[in-house]
Amino acid sequence: MNCNVCDAPMEDDGGIVGEFGILPVAFCCWCSSSMTDMVIQMQGFDDIDILKERIKELEEDAKQESKAKKAREKKKT
Ligand SMILES: [Zn+2]
């Protein structure tokens, strides 16, 4: 099995084997770490202000979720 990006043979070096939808894919450790870096940069997750904003959103989501959960539990009783 070879990396789908650079065609290097897959070894036990921390690469990823999985599926994109139904398409089987394999990425060597270099390509998978490059893709991870790319996503981090594209999403702005290397920017402290954007990360702080995202954390706020996640905390809001968690609050909403716990409120909804409590409401569901109240209905049951
Ligand atoms: Zn590769």
- Message: Let me confirm the definition first: pairs of Lys residues in the chain, 8 or more apart or on different chains, C-alpha distance under 17 Å. How many are there?
- Response: 5
- Message: Using +1 at the C-beta of Lys and Arg and -1 at the C-beta of Asp and Glu, which of 40, 10, 64 has the Cα lying farthest in the positive direction of the dipole of the chain?
- Response: 64
- Show the residues, 5+ positions off or on another chain, whose built amide H is closer than 5 Å to the amide H of residue 5. 28
- Note on the structure: With N residues in the chain, Rg(alpha-carbon) / (2.2 N^0.38 Å) equals 1.71
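Read the figures in this text as sums done on the coordinates, not as results from a lab. As the structure is a prediction and not an experimental result, all values here were calculated from the model. Positions of Cβ are backbone-derived with ideal geometry, glycine not excepted, and every protein chain shown enters the neighbour counts.
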